[in-house]
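> Starting off with a structure, shown below.
The values are calculated or read from the model by the stated rules, or taken from the named source; none is laboratory data. All figures in this text were calculated on a predicted structure; none of them were measured in a lab. Reconstructed Cβ throughout: ideal geometry from the backbone, glycine too, with neighbour counts over all protein chains shown.
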Amino acid sequence: MTYSTKPTMLSLLSRILELEFGESRLQHYGFFEDSNCVSQNTATELLDGQHRFTHCLDELVRKNDANVVFLLVGDTLLQLAKSMAETGKSVYWFGSKSLMNSDIDALVSFQYAGEDFLASTNPSAADVLIHAGSIRYLDQMALISKSRSLLCDSGQLILFSEFLVDDSCIEYSTLPNLTSFKQLSKRLGFEELESRDLSASASQTLKLLCPLLEKHGAVLAREAAENSNLLADMHAEILIMRDEFSISRRGFYLFVLRRESNTFYEWADAEFGDIQSFNPLEVADLFEKSFNVDFDEELWNWKYVQGDGKCVVVRLDKQSEIVAHYGGAPRKIAYFGELSMAI
C-alpha cells in the first residue's frame, strides 16, 4: 500500500487506529471465530482481534522448515515480517518505505523488497509468499501470475482477501470473484491446501470500527478539511460492506495454496498479461489468422484504449509471441429500463 500526502480513506483509517490505539500498522480484519473469544463489542477487542489474526498467520508460517525464504506483501504484515526476521528467518517485505525504521534496517535476515510487488523480480524463488489483499483489490490474474513467478516448486501462497461470493445480482463490484479466483489459481498451477471463511470475523471488525469513526470524527475534521467528506464516504462504504457480508454477497477468506510443478493443465506454465503488457500490433497476426481480415490498429485503440476495454493475452513464455487474446469493451446500457453495464 502506498501512502500520499493527499488524504485517502486508507490513510484516514490509519489515523483513526492511531488515535485510538497509538498504532496503525494493523490495517486488516480481526479474528474472532474462536470458542474462547467472547465478544465484548469494545474498541480493545478490535485490536485484540487484529493481533489474533496476525498470530494465526504466524502459526501457518511456523509449519515450515528453518531454511525457508519468506516474502510478505503489504504494510499490515510489516510487524509479522519483523518478528520472523528476529528469529533468524529469511524475510523479504513489500510495503511503504516510510514505515521502515533503524531497528528493522539493522535486522540481518530482513530485506526491503520495494513498494511495487507486481514489478518485482526479487527474490526469484521464495518458499512462502504471504499476501495481504484485504484493503486493496488487485487484479487476481496479475496477482496469481506474479506469485507463481516468485515461488519455487511446491512453494506456498498464503493470501487473505475480500471476495465477491454471490455474483447473481447484476451489479458492479470491485471485488475479485471467488469462483473465478479458485478456477484461475487452479489453472495457473496452484493446488488449494486450505481455505477458511472468515466473513463473520470481518463483519464483527466493521461493527467495532464504526464507533471509532464517530469518536474521532471531530479531531479528524480539524486536521484536514477533506476528512469530513472522507469520513462520510467511509461510513457509507462500511454500511454497504456490512450489508453485503450479512447477505453473503461479500466474503472474507484466507487461502493456503501450493504451486505445483507437475500439473495436468496444458496452460499452467503460460504467461498471461493484461492490456498494459503488449503493443496492439503484437496481436495483428493472430487477429488476421483468426478472422481472415486485416487488423485495424485505429479500430482496436478505439475499442480497447479509448473505450476502457479489458483483455487478456497469452504467451507460451515471456519471450514468445502472443498465441491467444480474449477481451471486450464495457458499455453503459438500459437493461429493461434500468441503467446497467454490458460487455
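> Which one of Thr44, Thr54 is modelled with pLDDT of 80 or more, assigned by TED's automatic domain parsing to the domain that holds Ala113, more than 21 Å from the chain's Cα centre (by Cα) and not hydrophobic (A, V, I, L, M, F, W, C)?
Of the residues listed, the single one that is modelled with pLDDT of 80 or more, assigned by TED's automatic domain parsing to the domain that holds Ala113, more than 21 Å from the chain's Cα centre (by Cα) and not hydrophobic (A, V, I, L, M, F, W, C) is Thr44.
> Among the listed residues Leu231, Leu339, which satisfies the condition of being farther than 19 Å from Gln140 by Cβ and touching a Gly at 6+ places or on another chain (Cβ under 9 Å)?
Within the list Leu231, Leu339, the selection yields Leu231.
> Then there's this: Quick check on my filter: what residues within the stretch 113-148 are surrounded by fewer than 16 Cβ atoms within 10 Å (Cβ to Cβ) and over 28 Å from Leu198 (Cα atoms)?
Result: Gly114, Ala119, Thr121, Asn122, Ser124, Ala125.
> Turning to a different aspect of this structure: From the residues in the stretch 156-190 that are buried (at least 22 other Cβ atoms within 10 Å of the Cβ) and of a type in the set (Gly, Ala, Ser), which one is nearest to Glu244 (Cα to Cα)?
The residue in question is Ser161.
The rows are residues; the columns are (1) free of Cβ contacts under 8 Å to residues at least 60 places away in the same chain; (2) in contact with a strand residue (DSSP E or B) (Cβ under 7 Å, 6 or more places away or on another chain).
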| position | (1), (2) |
| --- | --- |
| Leu118 | yes, no |
| Ala125 | yes, yes |
| Leu208 | no, no |
| Gly217 | yes, no |
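> I'm trying to understand the selection: among the residues of the stretch 215-252, which are of a type in the set (S, T, N, Q) and within 14 Å of Leu12 (Cα to Cα)?
Listed by number, the residues that qualify are Asn227, Ser228, Asn229.
> Name the residue that is farthest from Asp285 (Cα to Cα), counting only residues in the stretch 306-343 that are of a type in the set (Asp, Glu) and under 26 Å from the mean Cα position of the chain (by Cα).
Once the filter is applied, the top-ranked residue is Asp308.
> Scanning the stretch 242-291 for residues that are touching a residue at least 60 places away in the same chain (Cβ under 8 Å), under 19 Å from the mean Cα position of the chain (by Cα) and within 27 Å of Cys169 (Cα to Cα), which turns out surrounded by the fewest Cβ atoms within 10 Å (Cβ to Cβ)?
Filtering first and then ranking leaves Asp274.
> Please tell me if Ser147 is within 20 Å of Val256 (Cα to Cα), assigned to a helix (DSSP H, G or I) and assigned by TED's automatic domain parsing to the domain that holds Gly30.
Working: within 20 Å of Val256 (Cα to Cα): yes; assigned to a helix (DSSP H, G or I): yes; assigned by TED's automatic domain parsing to the domain that holds Gly30: yes.
In short, yes.
> Please state which one of Ser173, Ser203 is within 23 Å of His28 (Cα to Cα) and modelled with pLDDT of 90 or more.
Ser203
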